[in-house]
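As structure tokens, the structure follows; a few thoughts come after it.
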Amino acid sequence: MTMTNQPGEVEPVSGGALAEFGGRHRSLRADVWRQFRRHKGALIGLFLLTVIMLGSYIGPFFYPIDPFEIDTAIANQTPSWGHPMGTDNLGRDVMARVLIGGRISLSVGFAAMFVGLFLGTFIGLLAGYFRRLDGPLMRFTDLFLALPILPLLLVTVVLFREPLRERLGESMGIFVLVVVIIGATSWMQTARVVRADVLAIKEEEFVLAARSIGTRPRRILSRHILPNVLSPVIVAASLGTATAIITESALSFLGLGFPATFPTWGILLSNAKDYLSINPARVIWPGVMISVTVMSVNFIGDGLRDALDPKLRSKG
Amino acid sequence: MVAEFTKEADDPAGSEERPLVRVTNLKKYFPIMKGVFRRQIGSVRAVDGVSFDIYRGETLGLVGESGSGKSTAGRAILKLEEVTDGTVAFDGQDITGLSTQQVRKLRPRMQMVFQNPHASLNPRMTVASIIGEPLLEHKASKGRERQERIEELLTLVGLDPSHANRYPHEFSGGQRQRIGIARAIALNPEFIVCDEPIAALDVSIQSQVVNLLQDLQNSLELSYLFISHDLSMVRHIADRVAVMYLGTLVELAPVEELYDDPKHPYTRALHSSVPVPDPVVEAVRPRVILEGDIPSPSNPPPGCRFNTRCPVAQERCSQDVPEWREIEPGHWVSCHFADTPGW
């Protein structure tokens, strides 16, 4: 995180401040950051997400216990100093598994969100802006919405799992497969919302003004329309991350994602549910991690949306 | 001023005669679709056969009530709408058949100022990037040069160059309209369509903006098509005035002639709707009050389009379409009885 941009550094634009374009960009970023910091929830979200990410990606290097080490002598223990989150039915340390499980869950969550977001925004923009593409693209969207997802997943996994595993390796192959599957089946809502917004924005006078200048359609889309449909896109992004993490767990649960021995938050959760009566804490830890991540992302998205709106920025 | 775009000054001799913009029988119909299969069941004739010329350095006022097709005509002339029929010749070149790419090359020479300064500026862009967009798009200047040009433009329209990094919502309506004007003149155009540029502004600001437009016209040799429903403002700024009713022109004349000696009954009615700033005169002056509303442009009345509301309509008016004729040099009108004295 760059905290270097203190308010004092954002000098009020005067005389020569316009001199270079670089100046504008730096001050824009500083403006956005300053407004973002005003949003308490977003700051807390950013903090929590940072902690969770550090714990998942770096934590396992420091945490002394091996997440795969089986010791049935200490199975199903409640939290203690030796095992802060207890142990599972095979005596593996739950904390170690939750830490390393976050790697896959967060990576899958964000990657799948970006895939879905990119597809949805792209298709929504095209459908909304170019009237000729609207019909075909939206019917295509309807088609995806109507597709029964589970059979599709089964076929996809059967067809692509082995080739991908051979080419990219065991975990990477499955990772790519899961990300693509989740991304390709979650973009439709975004596309619809974006299209609806684009339809409204493209009738605005400033779009007509851009056309009268001679701005090319590609630039009109990227410079005038996309920034103005950002709010629904950001909302879709924060919700999409949550859905992706949960869908990944559902996939793994069905045996279509990562193998059951591979710790991800979703797999930990579904494994733990069988021991709910013996060791309820085991369900709570991965559940809490998923919830906190989802909540943090939502708050960050909220703060980001406000910070990117020049109107709210100057009011704050 | 630093002119990146030099106008083609090497016009052949005698170009005084050639209008900068010549609009001939311009038509713009919007289809009306209905039903599951989106069949066309009719069309809105927003602009239905309009012809006029705009000469270099002049301001042509285009007046008419709401829904008369003024704005559509303005947009069609700049090819922001596809033209249904007729031609628009810009500097002798017919632009109606040109491809988007070809029109794009002409864009620097013809620009537009919009009606609503709150909607015509992208809320997510700074003033500098709004004004710089035409410069960027047409690669007119870059880097430091562009920044200087932006500052220069801001000064030219009476804004503080140090406000360049602000966003549109931080400005008042009048200031925003100045930003819109700065954007329009950024590439040194020859022709600007002003689409009701003052309609959304406070009265106190209107004259400032109109004066700015006039100053710019003098210093930059601009030609304007000034669309408005404000007759007194048009009288102030225009050299010639065209009156539009239901998609067609009813009268076109030099400004003083149109105001002192209107030939068309619709022009008279419009004229008499302007209040006189003298309570004594205002109380007693004769007024022509039009009844009813402007008919639907999807189903215009036969004959003269104005016959349903015309105070002096005869039987003939609902059958024959009046011819668009020049009854005095430079004074065009479409009314059967325009030269009948004493009606």
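The values are calculated or read from the model by the stated rules, or taken from the named source; none is laboratory data. Quick caveat: nothing in here was measured; it's all calculated off a predicted structure. Glycine gets a Cβ as well: all are built from the backbone with ideal geometry, and neighbour counts include every protein chain shown.
Just a few scattered comments:
- When the range A:171-212 is filtered for residues that are in a helix (DSSP H, G or I) and aromatic (Phe, Trp, Tyr), the ones remaining, listed by number, are A:Phe175, A:Phe206.
- Among the candidates A:Thr87, A:Thr78, A:Thr50, residue that is among the hydroxyl-bearing types (Ser, Thr, Tyr), surrounded by fewer than 14 Cβ atoms within 10 Å (Cβ to Cβ) and more than 29 Å from A:Val297 (Cβ to Cβ): A:Thr78
- B:Arg56 vs. criteria assigned to a loop (DSSP other than H, G, I, E, B), touching a strand residue (DSSP E or B) at 6+ places or on another chain (Cβ under 9 Å) and surrounded by 12 or more Cβ atoms within 10 Å (Cβ to Cβ): yes
- Looking across the range B:170-203, the residues that are closer than 23 Å to B:Lys105 by Cβ and in a loop (DSSP other than H, G, I, E, B) come down to B:Ala186, B:Leu187, B:Asn188, B:Pro189, B:Glu190.
Conditions (1) buried (at least 24 other Cβ atoms within 10 Å of the Cβ); (2) in contact (Cβ under 8 Å) with a residue 12 or more places away in the chain, marked per residue:
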position: B:Ser223; (1), (2): no, yes
position: B:Tyr266; (1), (2): yes, yes
position: B:Leu270; (1), (2): no, yes
position: B:Val276; (1), (2): no, no
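- When restricted to residues that are at pLDDT below 65 and away from chain B (no Cβ under 14 Å), the range A:1-54 contains 9.
- Residues that are hydrophobic (A, V, I, L, M, F, W, C) and either touching an Asp or Glu at 6+ places or on another chain (Cβ under 9 Å) or not assigned by TED's automatic domain parsing to the domain that holds A:Pro259 (or both) do occur in the range A:110-126, at least one of them.
- When B:Lys79 is tested against (1) in contact with a His (Cβ under 9 Å, 6 or more places away or on another chain); (2) assigned to a loop (DSSP other than H, G, I, E, B); (3) within 11 Å of chain A (Cβ to nearest Cβ), exactly one condition is not met: (1).
- Note on the range B:102-125: residues that are facing another protein chain (nearest Cβ under 7 Å) and either within 18 Å of B:Ile227 (Cβ to Cβ) or touching an Asp or Glu at 6+ places or on another chain (Cβ under 6 Å) (or both) amount to 6.
- Test: residue in the range A:289-308 that is among the small types (Gly, Ala, Ser), part of a helix (DSSP H, G or I), under 30 Å from B:Arg124 (Cβ atoms) and within 14 Å of chain B (Cβ to nearest Cβ): yes
Matching residues to (1) on the phi > 0 side of the Ramachandran plot; (2) away from chain A (no Cβ under 14 Å); (3) among the polar types (S, T, N, Q); (4) surrounded by 20 or more Cβ atoms within 10 Å (Cβ to Cβ):
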position	(1), (2), (3), (4)
B:Lys142	no, no, no, no
B:Gln147	no, no, yes, yes
B:Val157	no, yes, no, yes
B:His163	no, no, no, no
B:Glu170	no, no, no, no
B:Arg178	no, yes, no, yes
B:Leu187	no, no, no, yes
B:Ala199	no, no, no, no
B:Asn211	no, yes, yes, no
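- Of the criteria (1) over 29 Å from A:Leu226 (Cβ atoms); (2) touching an Asp or Glu at 6+ places or on another chain (Cβ under 9 Å), which one A:Gly41 fails: (1)
- B:Gly86 being under 30 Å from B:Arg268 (Cβ atoms) and part of a loop (DSSP other than H, G, I, E, B): no
- With respect to (1) surrounded by fewer than 18 Cβ atoms within 10 Å (Cβ to Cβ); (2) within 8 Å of chain A (Cβ to nearest Cβ); (3) assigned to a helix (DSSP H, G or I), the lone exception for B:Pro134 is condition (1).
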